[in-house]
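Shown next, in structure tokens, is the structure this report addresses.
The values are calculated or read from the model by the stated rules, or taken from the named source; none is laboratory data. It should be emphasised that the depicted structure is a prediction, and the values quoted were computed from it without experimental measurement. Backbone-built Cβ (ideal geometry, glycine too); neighbour counts: all protein chains shown. For accessibility, only protein heavy atoms count, side chains too; no ligands or nucleic acids. Shrake-Rupley method; radii C 1.70, N 1.55, O 1.52, S 1.80 Å.
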Amino acid sequence: MLAAMLVTFAGPNGEETYQKFLQMGVTDFYPNRNMVPKESWVDWLESAQRSCILLGQAHGEWIRDDRFEPALVGRLVAGVKIEIFFLNPNTSEADVREKEDQQKRHTKARIKESIRMLWEIRGRLNDTEKERLAIYTYAATPSLGVTWVDNWMLVTHYLAGFSNLTSPALRVEHGPSSRCPYAVYARNVDHIRDNRSKKVNDENVGEYIDG
């Protein structure tokens, strides 16, 4: 898909441009996130061997997929570490995104419902499996969505004023350069975890699911 797009738009230089994208670790492109086959998301989760990080806002498409819980539990049982980041529904960032994300249900309500449902799934895990699942809320500009599986990512860039589902997405893979897209996005996720996030636990979960 990426090669065809670049050849179409870049003309004779399309092949050279395509090779540059590959050198940077960009191996696929979706002009619209809706173009990702629906089953691919859970398939990618099921393929995780070491780790899986989901950074988004409400994760509604994940939570509403009947395959999600079995896949999540299966990976946790297999020893995979999983981290899931939600936009904190109690922040000004969530207020702004709610005005922009034109979906039938308000963004903050969808976030709270998703956290509630995920917390219920967590409650059905044993102690070892719970230790492998980390749930966070973050307070930062919600401009990025990441599905990070082992050594590759599907990265979505949200468009201001548009539904998240219309956002373009890139597949990027690990490379040797610290300036390749994969490394840049990895540092961004790490920064959000370390500086802009709070881990959801038994003491504070009510803050994110009530009201």
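Tabulated data
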| item | result |
| --- | --- |
| Positive-pole candidate from 197, 178, 138, dipole of segment 73-211, charges at beta carbon | 178 |
| Per-pair calculated FRET efficiency, R0 = 41 Å: residue 99 and residue 43 via Cβ, rounded to 0.05 | 0.75 |
| Simple spin-label estimate for residue 199 and residue 121 in nanometres, 7 Å along Cα-Cβ | 1.9 |
| Compactness of segment 30-105 as Cα Rg over 2.2 N^0.38 Å, two decimals | 1.25 |
| Ranking by accessible area, most exposed first, for 185, 208 with a 1.4 Å probe | 185, 208 |
| Geometric extent, Cα atoms of segment 50-171 - Rg, Dmax (angstrom) | 14.3, 41 |
| Solvent-accessible surface (1.4 angstrom probe) belonging to residue 191, in square angstrom, nearest 10 | 90 |
| GluC sites (Glu not before Pro) restricted to segment 25-91 and DSSP loop, no more than 12 other C-beta within 10 Å | 39 |
